[in-house]
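Data first, discussion second: the structure below is written as structure tokens.
No value in this document is a laboratory result; all are computed from the given coordinates. Remember, predicted model here, so these are calculated numbers, not experimental data. Using ideal geometry, Cβ is built from the backbone for each residue, glycine included, and neighbour counts are taken over all protein chains shown.
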Amino acid sequence: MTALGFLYPGHSAEDDYPRMEQMLDSDVRLHVVHTDIGEDAHRVDALLEMGSAQRLTDRVEELRLTGAEAVVWACTSASFVFGWEGAHEQVRGLARAAGLPASSTSFAFAHAVREVGAARVAVAATYPEDVAGHFAAFLKSAGAEVVAMRGSGIITAAEVGTWGRDEVLALAREGDHPDAEAVLLPDTALHTAAYVAEVEAALGKPVLTANQVTLWEALRLAGRRVNAPGLGALFSREPVVQV
């Protein structure tokens, strides 16, 4: 059995994780530990506090007791707002505190984009435009070309957590671009696990969503590959060989 740990901020779409565990249909167990988010706001100052070292390390021991082999900070916005170097330092601090391989959802997106072989991507975000811009800058630092970016102006994770299939599909369609080889939907507060395959079919290209890539990143850190077509192309295609 492979146990994976996730530090998840607050309570919005954490039920994606037991759903994804079922969709894996494997011997992988997902353990979610909630962090205190402070102020629920997609605002840079609030996000920097949400992703502070103290808030992450406060719950590390609880996560270690689950027997997790790797840990991922299951948050996009409160990692990429630190910038490329700051997000690396955040992950290094988490790894030291946990004594485990560690990553974050932002790096999960960067790695997943390469995995599906996408050089050009579109960002369809729930966030306000300025916060979405920080994500686009992070992706550029990772080597991806962002050909389109759409922010939805939603301030709180609580509101994002109320969105369902129709809103997710509309977000992806509105954020897509003809030149994009993949569409990215950041925000782990957004329920997407049940809709990834349907959204990909509608767009005709890989769709990468926050909770989906977070799970994939944890599996990568643990040295596991699991075929799960319901979770989209990221979980059902051969990896791209980088040359």
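Looking at the structure I just gave you, is residue 192 touching a Pro at 6+ places or on another chain (Cβ under 9 Å), surrounded by 23 or more Cβ atoms within 10 Å (Cβ to Cβ) and of a type in the set (S, T, N, Q)? No, not satisfied. For segment 168-193, the set of residues classified as charged (D, E, K, R) and free of Cβ contacts under 8 Å to residues at least 60 places away in the same chain consists of 173, 174, 176, 179, listed by residue number. Filtered by the rule that a residue be free of Cβ contacts under 8 Å to residues at least 40 places away in the same chain and either crowded, with 19+ Cβ neighbours inside 10 Å or among the hydroxyl-bearing types (Ser, Thr, Tyr) (or both), segment 61-97 gives 79, 82, 90, 91.
For segment 1-18, the set of residues classified as crowded, with 17+ Cβ neighbours inside 10 Å, of a type outside the set (Asp, Glu) and farther than 20 Å from residue 221 by Cα consists of 9, 10, 12, 13, listed by residue number.
Got a sec? Which helices (runs of 4 or more DSSP H) wholly within segment 107-181 have at least 3 residues that are surrounded by 15 or more Cβ atoms within 10 Å (Cβ to Cβ) and in contact with a helix residue (DSSP H, G or I) (Cβ under 6 Å, 6 or more places away or on another chain)?
In segment 107-181, 129-141 are the helices (runs of 4 or more DSSP H) which contain 3 or more residues that are surrounded by 15 or more Cβ atoms within 10 Å (Cβ to Cβ) and in contact with a helix residue (DSSP H, G or I) (Cβ under 6 Å, 6 or more places away or on another chain).
For the condition over 25 Å from residue 194 (Cβ atoms), without any contact (Cβ under 8 Å) to a residue 60 or more places away in the chain and more than 17 Å from the chain's Cα centre (by Cα), residue 165 does not qualify. In the condition set (1) assigned to a loop (DSSP other than H, G, I, E, B); (2) without any contact (Cβ under 8 Å) to a residue 60 or more places away in the chain; (3) within 15 Å of the chain's Cα centre (by Cα), residue 13 is compliant with all but (2).
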